[in-house]
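Q: Please find one structure pasted underneath; my questions will follow.
The values are calculated or read from the model by the stated rules, or taken from the named source; none is laboratory data. All of these numbers come straight from a predicted model, not from anything done at the bench. Glycine also receives a Cβ, built like all others from the backbone with ideal geometry; neighbour counts cover every protein chain displayed. For the accessible areas, the whole protein counts, side chains as well, though only heavy atoms, and no ligand, DNA or RNA atoms are used. Shrake-Rupley method; radii C 1.70, N 1.55, O 1.52, S 1.80 Å.
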Amino acid sequence: LLQTQATQRAQESLQAASHSGQIYSPAPAILFSVDSDLTLPSNLTLFDINHYLAGTPLAGLGATFLSVELTDHVNARYFIAHAVLESAFGTSRLATGKHNLFGYGADDANPYADANTFTSFTACILYVGAQVHIHYLNANGRFYRGPTLRGMNIYYATDPFWAEEIVAIGNEIPSFSGTH
């Protein structure tokens, strides 16, 4: 019952923010959080990322995630965690059947059929990174509600706990340089 009430309150909060046009401003933080500025660099290294993804179908994609961070200003810690959450480290049906790591284009009514298909994981990362930058993290974007996971959660996902799930995964990515 408490879980159901928490879910209902979270959904009502997301709906209210959507209708009010509320913008969620980033908050400075030491740790990655729902209020971290997703346009800032992650400070992850290629080694950090490749080490974390080693032994999974996402192995070797560190340079692609860092490329998106550099060119589209999409924080790599967030973006890797997003891919891991939506694709179960590249093992989900969407990932194996459509190379779709982010559930991009999927909807609740018919997720697999409606999801975008990509030629490779690299193509998916590059395309979705650009779309996230343009539509969700850019103040002129049609789904912009602040450059944070809290802001993205308004339109990107119907799960009211999506942002918190990404934070939990993002904080598991080790940073051997000592930054988080």
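Q: For segment 35-180, with all protein chains present and a 1.4 Å probe, just round the carbon and sulfur fraction of the accessible area to a whole percent. Let's see the in-between values first.
A: Numbers: 3450 of 6180 Å².
That fraction is 56 percent.
Q: Through the Karplus equation 6.51 cos²θ - 1.76 cosθ + 1.60, θ set to phi - 60°, convert the phi angles of segment 141-146 into ³J(HN,Hα) values in whole Hz; use x for Gly and Pro.
A: Ordered by residue, 3J(HN,Hα) equals x, 5, 10, 5, 9, x Hz.
Q: Next question, about the same structure. With labels modelled as points extended 7 Å from the Cα through the Cβ direction, what inter-label distance (nm, one decimal) is found for Leu70 paired with Ala113?
A: 4.2 nm
Q: Moving on. Rounded to the nearest whole Å², what accessible area per residue is found for segment 41-164 with the 1.4 Å probe?
A: On the way: 5150 Å² over 124 residues.
Per residue, segment 41-164 has an accessible area of 42 Å².
Q: Follow-up. What is the packing order of peptides 110-122, 134-146, 80-92, 63-75, taking the mean over residues of other C-beta atoms within 10 Å and listing the highest first?
A: On the way: 110-122: 14.2, 134-146: 16.4, 80-92: 21.5, 63-75: 19.7.
Those peptides, ordered most packed to least, come out 80-92, 63-75, 134-146, 110-122.
Q: Return the sequence-ordered ³J(HN,Hα) values of segment 79-93 in whole Hz as given by the Karplus equation 6.51 cos²θ - 1.76 cosθ + 1.60 applied to θ = phi - 60°, using x for Gly and Pro.
A: 5, 5, 4, 4, 4, 4, 4, 6, 10, 6, 6, x, 9, 5, 4
Q: Let me ask something else about it. Count charges around Ala157 for me, please; just the other residues with Cβ under 14 Å from its Cβ, Lys/Arg as +1, Asp/Glu as -1. Kindly include the intermediate steps, with their values, before the conclusion.
A: Numbers: positive: Arg145, Arg150; negative: Glu86, Asp107, Asp108, Asp159, Glu164, Glu165.
With Lys, Arg at +1 and Asp, Glu at -1, the net is -4.
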